[in-house]
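Written below as structure tokens is the structure these notes are about.
The values are calculated or read from the model by the stated rules, or taken from the named source; none is laboratory data. No experiment lies behind these values; they were computed from the predicted model shown. Please note: Cβ atoms are built from the backbone with ideal geometry, for glycine as well, and neighbour counts cover all protein chains shown.
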Amino acid sequence: RMLSGHNSKSSVEDSYKILELEEGCSLDEVRNSYRTLAKKYHPDSSSSAADPAAFIRVEEAYRVVLSDVAARQRPGEDGEEEEDQFKAKSLQHRHYLSFEGVGIGTPSQREKQYMQFRVDRATEQVLEYRQHRLGGSYAGNDLLRARDVRESKKVKITQAVERLVEDLIQESMAKGDFDNLRGKGKPLQKFSDCPHIDPMTHNLNRILIDNGYQPEWILLQKEIRETIEQLRKGVVASRRKLGEPMSPSEQKQWGQVCEQFMEDIRKLNKRVDNFNLVVPILSRQMVHFSPQKEIVRAQKTYRALV
């Protein structure tokens, strides 16, 4: 009693009539009607209407109606069959030119799989973004914490230095180191009414200068000037000793004097470099002394004296 997959329209209508149903009924109605008629016409039932032939017709009608109802409830089945036919006729690799190569099966099946793939990928991206934000916030908190630690250390060091300075001042006052300061017990004189000058800084500098303190760059500048004057006087004095005109031996001595003078100038230029590193004012920096120019200057000074 096998039925073919394709039933004619008349056989479908007859099957509905046999089951006492109308087209468009639900699957549950088909099953209920089949059970009722099967109990009525089944040969083994005790019903007075038992009829094997009628039971066979009911069973065949049930199969036809069941197939028809199932076909109506699967509207995409025909479309999938057409897709299968198209798949058989098209190139095999053409199915993988879309959906980023995701999924297997028919195009509709692959589309569903691709949509699920996109959902999963979006979920992973959201999780990665949240992890990145959390990691960045933790890193920012660590940086702020490290900066606070550094600032607290600076404050502690500053406070320690201030306490040390205050202790040294109090100790010096107790020893009487400030008793011999000029102007002790007298108010500080007002320096100037100029708003661009800090009176406190000026008064502190004046106190230091009045008591013999000088900055390092001033001392270096003084030493350089004194040294170059001594070298100039020394080379002129050496030239005067040799007299005029100079003999070959005296010229040799003069050459030795010039070599020593040039060596002294090179050493002095190194001190000039050190001075330029510590001088606070750019306009106060010094240039190197030229040994050749200094020798020419000594010759001119000697001729002027002669």
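Does any residue of the range 159-178 turn out to be loosely packed, with under 10 Cβ neighbours inside 10 Å, part of a helix (DSSP H, G or I) and at pLDDT below 75? No, the range 159-178 contains no residue that is loosely packed, with under 10 Cβ neighbours inside 10 Å, part of a helix (DSSP H, G or I) and at pLDDT below 75.
Return the residues of the range 235-250 that are free of Cβ contacts under 8 Å to residues at least 12 places away in the same chain and within 18 Å of P291 (Cα to Cα); say none if nothing qualifies. Matches in the range 235-250: A237 only. Looking only at residues of the range 274-294 that are surrounded by 11 or more Cβ atoms within 10 Å (Cβ to Cβ), in a loop (DSSP other than H, G, I, E, B) and not β-branched (V, I, T), we find that the one that is nearest to the chain's Cα centre (by Cα) is Q285.
Give the range 209-236 a look and list any residue that's modelled with pLDDT of 90 or more and surrounded by 12 or more Cβ atoms within 10 Å (Cβ to Cβ), or say none.
Of everything in the range 209-236, those that are modelled with pLDDT of 90 or more and surrounded by 12 or more Cβ atoms within 10 Å (Cβ to Cβ) turn out to be L220, Q221, E223, I224, T227, I228, L231, R232, K233, G234, V235, V236.
Any residue that is small (G, A, S), assigned to a helix (DSSP H, G or I), farther than 23 Å from Q109 by Cα and at pLDDT 85 or above - is there at least one of those in the range 44-53? For the range 44-53, residues small (G, A, S), assigned to a helix (DSSP H, G or I), farther than 23 Å from Q109 by Cα and at pLDDT 85 or above: present. In the set R239, R206, R271, R297, only one residue is basic (K, R), within 30 Å of K184 (Cβ to Cβ) and either touching a helix residue (DSSP H, G or I) at 6+ places or on another chain (Cβ under 7 Å) or surrounded by 13 or more Cβ atoms within 10 Å (Cβ to Cβ) (or both); that residue is R206. In the range 228-249, how many residues are part of a loop (DSSP other than H, G, I, E, B) and acidic (D, E)? Count: 1. So is L208 among the hydrophobic types (A, V, I, L, M, F, W, C), part of a helix (DSSP H, G or I) and either in contact with a Leu (Cβ under 6 Å, 6 or more places away or on another chain) or within 30 Å of F178 (Cβ to Cβ) (or both) or not? In short, yes. Within the range 281-301, residues that are under 20 Å from R240 (Cβ atoms) reach partners that are surrounded by 11 or more Cβ atoms within 10 Å (Cβ to Cβ) with beta carbons closer than 6 Å, at six or more positions or on different chains, in the pairs P291/M262; P291/I265; I295/C258; A298/V235; A298/V236; T301/V236.
One residue stands out among those in the range 37-75 that are polar (S, T, N, Q) and more than 22 Å from E13 (Cβ to Cβ): the one that is nearest to the chain's Cα centre (by Cα), which is S45.
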